[in-house]
Ligand SMILES: [Zn+2]
Ligand SMILES: [Zn+2]
């Protein structure tokens with residue numbers, strides 16, 4: 001098969017690789033479309049000790065089962081392969097599975113014509129769902145999981161909340177689109193890249209602005225979603241958060257930084273970390289994508305897998321307006 005292989009820092013090679021073979025309890029999938037994730041970019045920069053080259057990255061995929069249970073079905077997958085029996089799996093919180101592994105990280109991922117994964121990780125698609133939308137299930141589920149987490153702590157319903165989304169990448173954009181779909185009238189999106197600002201504005205993400213030129217007003221947001229997770233965005237989130245508000249931290253750029261615990265305490269702000277999605281979130285995200293809950297997805301860009309190395313370079317250099325590039329194997 002052809003695959004795009006991460007061979008070293010800022011090196012992606014499109015080359016022949018052996019076809020993966022399907023073992024019992026696994027499925028072999030022909031990949032139709034696969035998204036480039038921020039975490040793939042992180043690996044590309046050599047910043048992810050868990051993703052060791054040479055490795056086929058990619059975990060946001062849609063395709064068809066060629067071998068194994070469900071043969072012939074069109075599916076997306078939960079990139080996390082979870083054990084099904086630990087404390088978290090039995091609670092339905094399998095994103096926290098103590099024994100989880102992941103495609104595109106601990107085993108080969110989807111930047112290839114073929115991929116294998118656990119049969120239990122497969123999510124069947126709604127009938128007629130195009131691969132283009134289906135490949136967005138994973139980032140859409142991340143946004144959905146973040147908003148579900150926020151809603152458990154918010155005092156006011158979502159339509160009444162003033163929300164600030166920090167970051168106009170895929171997670172920030174999908175979060176703001178879902179908030180709008182849920183009836184949230186006041187959604188602001190902070191994004192520093194002007195190309196991405198235009199794209200987010202066109203997608204209908206809400207009020208899109210440059211936080212460097214105009215910082216968000218202090219104490220103005222009922223809900224803040226930090227889809228970047230850097231020192232500066234954490235400070236921005238806490239400054240913009242109203243007393244009694246909720247911050248969900250979903251992006252993870254810097255691993256550690258100082259936060260204003262005085263404000264967090266005196267203003268009773270809930271700060272929630274969120275990580276990925278449960279299987280239930282993935283199923284809900286696939287349905288929501290198919291039913292238009294995230295809009296028309298016209299902002300998604302598609303390129304052939306053979307030109308994947310170029311796509312990584314363009315993303316690295318901020319030369320593409322699109323918050324998501326999908327690669328299509330031939
Ligand atoms: Zn991802
Ligand atoms: Zn588990």
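The values are calculated or read from the model by the stated rules, or taken from the named source; none is laboratory data. Predicted model, so just to flag it, every value in this text is computed and none were measured. Because the Cβ atoms are built from the backbone with ideal geometry, glycine has one as well, and the counts that use them run over all protein chains shown.
Looking only at helices (runs of 4 or more DSSP H) that fall completely inside the stretch 167-284, which ones have 3 or more residues that are under 29 Å from residue 35 (Cα atoms)? Can you show your working first?
Working: elements: 170-181, 194-203, 231-240, 261-266.
The helices (runs of 4 or more DSSP H) meeting that bar are 170-181, 194-203, 231-240.
Give 224, 246, 250 a once-over and let me know the one that is more than 18 Å from residue 267 (Cα to Cα), at pLDDT 95 or above and buried (at least 24 other Cβ atoms within 10 Å of the Cβ).
Working: 224 fails: more than 18 Å from residue 267 (Cα to Cα); 246 fails: more than 18 Å from residue 267 (Cα to Cα).
Exactly one residue qualifies, and that residue is 250.
Would you check if residue 145 is within 16 Å of ligand 1 (Cβ to nearest atom) and either buried (at least 20 other Cβ atoms within 10 Å of the Cβ) or outside any helix (DSSP H, G or I) (or both)? Let's see the steps before the verdict.
Working: within 16 Å of ligand 1 (Cβ to nearest atom): yes; either buried (at least 20 other Cβ atoms within 10 Å of the Cβ) or outside any helix (DSSP H, G or I) (or both): yes.
Yes, satisfied.
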The one condition in (1) within 16 Å of ligand 1 (Cβ to nearest atom); (2) under 30 Å from residue 235 (Cα atoms) that residue 134 fails to fulfil: (2)
Positions within the stretch 48-67 being surrounded by fewer than 20 Cβ atoms within 10 Å (Cβ to Cβ) and away from ligand 1 (no atom under 16 Å from the Cβ), in sequence order: 49, 52, 53, 54, 64, 66, 67
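Report whether or not residue 314 is assigned to a loop (DSSP other than H, G, I, E, B) and surrounded by fewer than 21 Cβ atoms within 10 Å (Cβ to Cβ). Before you say what the answer is, go through the steps one by one.
Numbers: assigned to a loop (DSSP other than H, G, I, E, B): no; surrounded by fewer than 21 Cβ atoms within 10 Å (Cβ to Cβ): yes.
So residue 314 fails the test.
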Every residue from the stretch 285-311 that is under 30 Å from residue 148 (Cβ atoms) and not in a helix (DSSP H, G or I): 291, 292, 293, 294, 295, 296, 297, 298, 299, 300, 301, 302
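Given the criterion under 30 Å from residue 109 (Cα atoms) and in contact with a helix residue (DSSP H, G or I) (Cβ under 8 Å, 6 or more places away or on another chain), identify the matching residue among 135, 140.
Working: 135 fails: in contact with a helix residue (DSSP H, G or I) (Cβ under 8 Å, 6 or more places away or on another chain).
Result of the check over 135, 140: 140.
Confirm whether residue 188 is more than 16 Å from ligand 2 (Cβ to nearest atom) and crowded, with 24+ Cβ neighbours inside 10 Å. First the steps, then the outcome.
Values: more than 16 Å from ligand 2 (Cβ to nearest atom): yes; crowded, with 24+ Cβ neighbours inside 10 Å: no.
The answer is no for residue 188.
Conditions (1) under 24 Å from residue 326 (Cα atoms); (2) in contact with a helix residue (DSSP H, G or I) (Cβ under 9 Å, 6 or more places away or on another chain); (3) free of Cβ contacts under 8 Å to residues at least 12 places away in the same chain, marked per residue:
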residue	(1), (2), (3)
9	yes, yes, no
21	no, no, no
40	yes, yes, no
44	yes, yes, no
86	no, yes, no
93	no, yes, no
101	yes, no, no
106	yes, no, no
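Which one of these is surrounded by fewer than 21 Cβ atoms within 10 Å (Cβ to Cβ), within 30 Å of residue 14 (Cα to Cα) and out of contact with any strand residue (DSSP E or B) (no Cβ under 9 Å at 6 or more places or on another chain): 85, 45? Steps first, please.
Values: 85 fails: within 30 Å of residue 14 (Cα to Cα).
Of 85, 45, the one residue that is surrounded by fewer than 21 Cβ atoms within 10 Å (Cβ to Cβ), within 30 Å of residue 14 (Cα to Cα) and out of contact with any strand residue (DSSP E or B) (no Cβ under 9 Å at 6 or more places or on another chain) is 45.
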Qualifying residue in the stretch 121-139 (condition: assigned to a loop (DSSP other than H, G, I, E, B), modelled with pLDDT of 95 or more and within 16 Å of ligand 2 (Cβ to nearest atom)): no
Residues being within 6 Å of ligand 2 (Cβ to nearest atom) and part of a loop (DSSP other than H, G, I, E, B) - total across the stretch 86-97: 2
Failed criterion for residue 211 (all others in (1) closer than 26 Å to residue 267 by Cβ; (2) crowded, with 22+ Cβ neighbours inside 10 Å hold): (2)
